[in-house]
Amino acid sequence: MEKQQTAAGEAPHKRRVRYSGKYPKKFEEKYKEHDPEKYADVVAHVIEKGSTPAGMHISIMVQEILDFLQIQPGQHGMDCTLGYGGHSRRMMEQLQGEGRLVSLDIDPIESEKTVQRLRDAGFGEEIFQFRRINFANIDEVARELGPVDFLLADLGVSSMQIDNPERGFSYKTDGPLDLRLDPTHGESAAERLRSITRDEFESMLIENSDEPYATEIAATVFNEMRRGNVIETTTQLKAAIEKALVRLPKEEKEEAVKKSCARTFQALRIDVNSEFEVLYDFLEKLPGVLKPGGRAAILTFHSGEDRLVKKAFKDGLRNGTYAEVAGDVIRPSAEECRLNPRARSTKMRWAVKA
């Protein structure tokens, strides 16, 4: 039988990645999870088991956000972190075809996919606009498009970024030690480690993630590099952390290594992306972006972020910038945490412009 030729200009068929065993294990093998429109039943099953499908992100506290923002048709809003687009989509649905949402993101890889997904869902330029810009620069967006009635800032890293080994966000899979939200700019985490001192790294671990073994980890990482053992991948950094905690009692070691890995990767990610500096700028500019009576909701995922948001909102209430702020944090429900374990650390705070 003659080999079938592809039509002119048509891309040749590409076979899916094969995997051993009954179920795919690697990110790139989970082709059904990467295509939620076609394999909705598979995606629903994965979510029901309490996992996040590969290449997707499950939006957190959607109903709580909508209940607070009280979005009305005709209003203008801003989503400061587009991500997978779940929050943006639900906010635009509240607009019922009237008004406008502008969404921001600096990730050139995922934002392009998300914008196309939302366009395919029927959200045209008249209601949905996108700007590839850091949310530290919300004042620039407001100068172009005007102040907003509602605003959401989800400060978490999207699951698509965490789960993709090529992005280097997780110690659980091998990949380049990158950790940049925008991999086209700035230093990767591996490059950052080579440019700082041991004392600077120890301080980073303490200030960015309250790491209790900061001294041991910093010493081990820099001893490894001094001996010529490069740390350029996620597994190489994990191995150094394991070595740093080798003297812990056996019954404590496994859990301690997991937590220290998570905190170390968090500390590096915060540093590489200047996350605290970005948040400072955002909180300072936020009031100027909101209309009188405008509502802002912020989701944080670790204590350092929450402290900054809490202080900014309280100071704003005291000086009359805000008419009302959240008296306490709002947390996701137990059911949401069951279905999406990544929601467990989430805290929501809100403010209403005076």
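The values are calculated or read from the model by the stated rules, or taken from the named source; none is laboratory data. Please read these numbers as outputs of a predicted model, since none were measured by experiment. Heads up, the Cβs are rebuilt from the backbone with ideal geometry, glycines too, and the neighbour counts pull from every protein chain shown. Accessible surface areas use protein heavy atoms only, side chains included; no ligands, DNA or RNA. Shrake-Rupley method; radii C 1.70, N 1.55, O 1.52, S 1.80 Å.
Among the residues of region 296-325, how many are of a type in the set (Gly, Ala, Ser), surrounded by fewer than 20 Cβ atoms within 10 Å (Cβ to Cβ) and under 23 Å from the mean Cα position of the chain (by Cα)? Residues that pass the stated criteria total 2. For region 333-351, taking the residues that are surrounded by fewer than 20 Cβ atoms within 10 Å (Cβ to Cβ) and closer than 28 Å to Asp149 by Cβ, the one that is nearest to the chain's Cα centre (by Cα) is identified as Glu336. Mind counting the residues in region 89-112 that are buried (at least 21 other Cβ atoms within 10 Å of the Cβ) and without any contact (Cβ under 8 Å) to a residue 24 or more places away in the chain? Number of matching residues: 0. Take the conditions (1) part of a helix (DSSP H, G or I); (2) over 17 Å from the mean Cα position of the chain (by Cα); (3) crowded, with 20+ Cβ neighbours inside 10 Å; Asn208 misses just one of them, which is (2). Taken across region 264-281, residues that are surrounded by fewer than 17 Cβ atoms within 10 Å (Cβ to Cβ), part of a helix (DSSP H, G or I) and out of contact with any helix residue (DSSP H, G or I) (no Cβ under 8 Å at 6 or more places or on another chain) do not occur at all. Looking at this structure, is Asp149 at pLDDT below 95, crowded, with 18+ Cβ neighbours inside 10 Å and over 22 Å from Glu255 (Cβ atoms)? In short, no.
Confirm whether Gly293 is in contact (Cβ under 8 Å) with a residue 60 or more places away in the chain, over 23 Å from the mean Cα position of the chain (by Cα) and either within 24 Å of His87 (Cα to Cα) or open to solvent by 40 Å² or more (accessible area, probe 1.4 Å) (or both).
Spelling it out, Gly293 is indeed in contact (Cβ under 8 Å) with a residue 60 or more places away in the chain, over 23 Å from the mean Cα position of the chain (by Cα) and either within 24 Å of His87 (Cα to Cα) or open to solvent by 40 Å² or more (accessible area, probe 1.4 Å) (or both).
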